[in-house]
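Quick notes on the structure that follows.
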Amino acid sequence: MILARQLGCLIHGMAGWKHFKEIAAWRYAHDLKLRIDEFIERPGVKCRFRLHDQLYDAARSGPSNIAEGFGKYGNKEFARFARIAKGSEVEVLNHLIDLRDQRLISEDELMLAEHAANKAIKAVVGLIRHLESTPDPPRPPKRDKHGEPVEPE
């Protein structure tokens, strides 16, 4: 119930971001990345090169894609990047289970990391819903080489 209320507040405050770090979905994805960084520094994980690299890449993909989408024009394109971020966050969940299965993290560590991943996923789903239901902002007027507005033809 609390998470639903938090997401509702986050969705209502989504318009008008000035920086991607203001977006709740980015903050949760970043928190997840930091948690994963603690695991991938462990010697047992480092020596499993493929798992290490996949987990490293997936954990970074969430916040990176949200930031990149924020830098694009239009909500539809931003939503496409947010969907990629969501897929990466789900991939992180799968890799966390792999870490537990290989006894590289404990059951308690898995539960805490799963909680962080689920918060990130729920936040990005809320972002996607918002972006898909909100019209694109108006484009700024075209300007000439001196920065003066150009009249539409």
Please work out if LYS46 is within 27 Å of LEU127 (Cα to Cα), surrounded by fewer than 21 Cβ atoms within 10 Å (Cβ to Cβ) and without any contact (Cβ under 8 Å) to a residue 60 or more places away in the chain.
-> no
Just give me the residues in the range 131-153 being free of Cβ contacts under 8 Å to residues at least 40 places away in the same chain and among the polar types (S, T, N, Q), in sequence order.
-> SER133
Kindly indicate whether any position in the range 76-88 is surrounded by fewer than 21 Cβ atoms within 10 Å (Cβ to Cβ), out of contact with any helix residue (DSSP H, G or I) (no Cβ under 7 Å at 6 or more places or on another chain) and outside any helix (DSSP H, G or I).
-> no
Can you find even one residue in the range 104-124 that is free of Cβ contacts under 8 Å to residues at least 60 places away in the same chain, of a type outside the set (Ser, Thr, Tyr) and closer than 23 Å to HIS19 by Cβ?
-> yes
Just one listed residue, out of GLU77, GLU148, GLU132, GLU109, is under 18 Å from LEU32 (Cα atoms) and charged (D, E, K, R), and it is GLU109
Could you tell me whether ILE105 is under 11 Å from the mean Cα position of the chain (by Cα) and among the β-branched types (Val, Ile, Thr)?
-> no
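Computed from the coordinates by the stated procedures, all read-outs in this text should not be read as laboratory data. Because the structure is predicted, anything quoted here is derived from the model rather than measured. Glycine gets a Cβ as well: all are built from the backbone with ideal geometry, and neighbour counts include every protein chain shown.
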